[in-house]
Amino acid sequence: MRPIPVESPAFFHRGPSPLARLAFFGMLSIALLFLDTRYRYLEGIRQIAAIILYPAQRAIEMPGEAVAFVGRYFADKARLAEENVELRQALTAQGPVAQAYPQVRDENERLKTLLDLQGRYGGAGTAVEVLYTGRDPFTQKLFVNKGVQGGLAPGEAVLDERGVVGQVTRVFPYMAEVTLVTDKDQAVPVKVERSGVRSVLFGNGTGRAPDLRFTAPSADVRIGDRLLTSGIDGTYPPNLPVAEVVDIERDTGQMFARIATRPLSGVDRSQYLLVLGQAAASPARPEEPAESDVVKRGRGRGRRG
């Protein structure tokens, strides 16, 4: 038997057709859009809907944001690890340069002071660099990198940025020997900066500080006084710092006081020095008359008498 077709109740066939409904709601939507654009009637409704739907919107976005955050975290961690390795390598490479910066800065300050001294003496000074010290441990000498070709001559004063270092004693074509003020054969005429008392500073050799000799116990010399070159020897220009008084022993039973000093210059520690030419020193001392000339003058005066 064929199945009997079941027809829908007449109730479901009532009302407008689907096409009519589509047209109606389409026109209604266009009208609402026009009214909202013109008069903004639905602005409040949209805000309320946005507030109500915001938690749902955030709940939907959170998984994606969490995944993106985790990805950025690990990417940043890997990038920071690479940068850390690169910075460590750069720091290791620049370590020697950074450690040498204080020495370079101090060296520049010393060179600037030497240039100022050179300008003070009208360019009569020659800047030199220390090559090495003398081999004899019982002498206080060093060698510099200029000699006859550099215009140096024996007897010229040598100083650093703090004071007198010594004197040029021998000159070679491309280097020169400098005897320090601490050498036992070196003597420097000095005066006390505070009182003007004159004396002579003598070196005492390796390991011993220079001292003032032939100074009376009653001389106006105190501990802490600075000693400057007096300039009376014609070698050292006057008023160059030489040493500082560190100890005084006054014994009234002795003819001279024992006065120990400390050199103000770097002596054997300075790397760059300034050699002052003869033009910076006092005029040369006149030659002493020969003994025969003195005898002749005496005879001539006797005859005239």
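The values are calculated or read from the model by the stated rules, or taken from the named source; none is laboratory data. From a predicted model like this one, the values you see are computed outputs, not experimental measurements. Positions of Cβ are generated from backbone atoms using ideal geometry, with glycine treated the same way; all protein chains shown enter the neighbour counts. Please note that ligands, DNA and RNA were not included when accessible areas were found on the heavy atoms of the full protein model with its side chains. Shrake-Rupley method; radii C 1.70, N 1.55, O 1.52, S 1.80 Å.
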Mean accessible area per residue over the stretch 52-94 (1.4 angstrom probe, all protein chains present, square angstrom) is 91 Å²
Burial-style ranking of 17-26, 230-239, average other-beta-carbon count within 10 Å with highest first, yields 230-239, 17-26
Heavy-atom accessible area of the stretch 230-270 with neighbours in place, 1.4 angstrom probe: carbon+sulfur share in percent works out to 47 percent
So, with points 7 Å from each Cα along the Cβ direction, the Glu249-Arg194 label distance in nm works out to 2.2 nm
Rounded to whole angstrom, the alpha-carbon centroid of the stretch 26-84 lies from that of the stretch 204-266 at a distance of 90 Å
In nm, the gap between the two label points placed 7 Å beyond Cα toward Cβ at Gln47 and Tyr73 is 3.8 nm
Residue span Leu87 to Ser218: 0.36 nm per residue of separation minus Cα-Cα distance leaves a gain in nm of 40.5 nm
Output ordering of 160-173, 216-229, 78-91 (per-residue mean of other Cβ within 10 Å, highest first) is 160-173, 216-229, 78-91
Each label sits 7 Å from Cα toward the beta-carbon; between Asp185 and Arg269 the label points are separated, in nm, by 2.7 nm
Rounded to 0.05, the calculated FRET efficiency for the beta carbons of Ala31 and Met62 at R₀ = 45 Å is 0.75
